[in-house]
1. What would the Debye equation give as log₁₀ I(q)/I(0) for the range 236-314 at q = 0.12, 0.15, 0.20, 0.22 Å⁻¹, counting only Cα atoms as equal point scatterers?
2. Along each of the three principal axes of the Cα atoms of the range 63-150, give the extent in whole Å, ordering the values from largest to smallest.
3. Quick one: compute the contact order of the range 2-192, relative version, from alpha carbon pairs under 8 angstrom and 6+ residues apart, as a percent.
4. For the range 2-192, what is the Kirkwood hydrodynamic radius in Å, using each pair of distinct C-alpha atoms?
5. Based on the alpha-carbon gyration tensor of the range 206-394 and its eigenvalue square roots a ≥ b ≥ c, which shape applies: rounded if a/c is under 1.5, prolate if not and a/b is larger than b/c, or oblate?
6. How compact is the chain by the rule of thumb for globular proteins, expressed as Cα Rg over 2.2 N^0.38 Å?
7. Under the Karplus relation 6.51 cos²θ - 1.76 cosθ + 1.60, θ = phi - 60°, what is the ordered set of whole-Hz ³J(HN,Hα) values for the range 110-118, x standing for Gly and Pro?
8. For the chain, list the DSSP H helices whose alpha carbon atoms reach 27 Å or more along the long axis and whose average Kyte-Doolittle value is -1.0 or above?
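Quick note: the coordinates plus some simple rules give every number you see, no bench work behind them. Predicted, not measured: the structure shown is a model, and the values here were computed from it. Reconstructed Cβ throughout: ideal geometry from the backbone, glycine too, with neighbour counts over all protein chains shown.
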Amino acid sequence: MKFGQILLNFLWALLYIPLGLPISLLIPWARRRANFERQNFKDPLFKAQIAFEVSSEGELEQVFPLLEYFLKQGEKLELIYSSESVESKAQSLAQNYPKNLRIFRLPLITHFFVNSLGGQSLKSLISAPVLILCRYDFYPQLLSLPKKLGLVSASAKGKKKACIYKLFDFIVCASPEEKLSFKKFYKGELFELDFRIQRIGDRLEKSQEILAPFFKELPIQRRIIMGSCWPNEMELFSHPKLQADILAKEIQMVLAPHSLKKESIAEIISSFKVETNGKIPIYHLDESVDALKLMAEMNRSPGVLLVTFKGILCELYTLFGTSFVGGGHGRSIHSVLEPYLAGNRVYCGPKTYRSTEFDFIMSHSPNYIHVVRSLGEFYDIYNNKPIGSDEMKKREQILTSSRKKFDQIISLIVGKVNE
């Protein structure tokens, strides 16, 4: 299989002169991509211990605990990314660790045998002896490199070529179910850990309940947050009983949109008003609003609170007993792990196939994550019973266990570097 990847890598590089170079000059989208890739700069004196490759912001989020750990230890790292969406976060990270982190764009259009004629050799760029990939990034440019290979957040969903996985020296699966699937054909070092658990746990420990006064009148099991929600999901409020309970102060509902763009916020407000026929007030809280005045208004006239503070959703979940996570009536659900570890009973839409977090929760607490197939039916299946102490202890143990697993994986990677 390694030979096959080497052959594909060779053929890809062979196409640069007759195909890659001309289209990078003539076709606008290819020219933009080539210009993006050609920003790479090789420092011949920089020698890294570990390299990471990601293709999206979500994958960067997955490997971030590893990146952060090794950077704080003073290790030298390389980060390769294939998507322009990662650029700003990668550059910000590199600015914070200028002596310890080098960033590269993955050469696709400009992939070549050598750094010449506008082409680039990935082999000459990456100096680390260990290369860690995330999820499905099986580019031959990466798999053919003479490196010790690791794969994190691994999932066998939809992947029938077990021979590719055999190229990796170690694999870290995202859930217990995935680990069982890999055991059927993978004989290397195999672990199970969702790295985001580590990061979420750290954030929850540091959470400051700034907005707690808004919800002190109702017990936590009667508070519901719609996290990472979208305009189309306002259909959830079409349920007459839900509307009546909001107005009667039987429950408190909060919206935390996925997109904080003005257009998306306006669309959420408009859609909410349509679904509720304008019967329920919606209060918008952001950095510019006097929170005390807004709280007084809500006490006089109950309604729904729309919160658009940046970067607080994970911490915000700790103030609620129930969460509805958005995205599942669109492309795919957003993070369900954050509310789960914050102690919530979690609801989401049916688009769960791409979510290893959903699989993880189903394997640990299947009675506490619920799929809402029709938004208008959410309140029919809503359960406001408090979560028992045994279940909460289980989630605390997950955080404790994840830290132990994280330490084991760190030791494994260090061992690979030193081999």
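1. -0.34, -0.53, -0.94, -1.12
2. 36, 25, 22
3. Normalised by residue count, the contact order of the range 2-192 is 22 percent.
4. Hydrodynamic radius (Kirkwood, Cα only) of the range 2-192 equals 17.3 Å.
5. rounded
6. For the chain, the normalised Cα radius of gyration is 1.10.
7. Going residue by residue, I get 9, 5, 8, 6, 9, 7, 7, 6, x Hz, with x marking Gly and Pro.
8. 389-418
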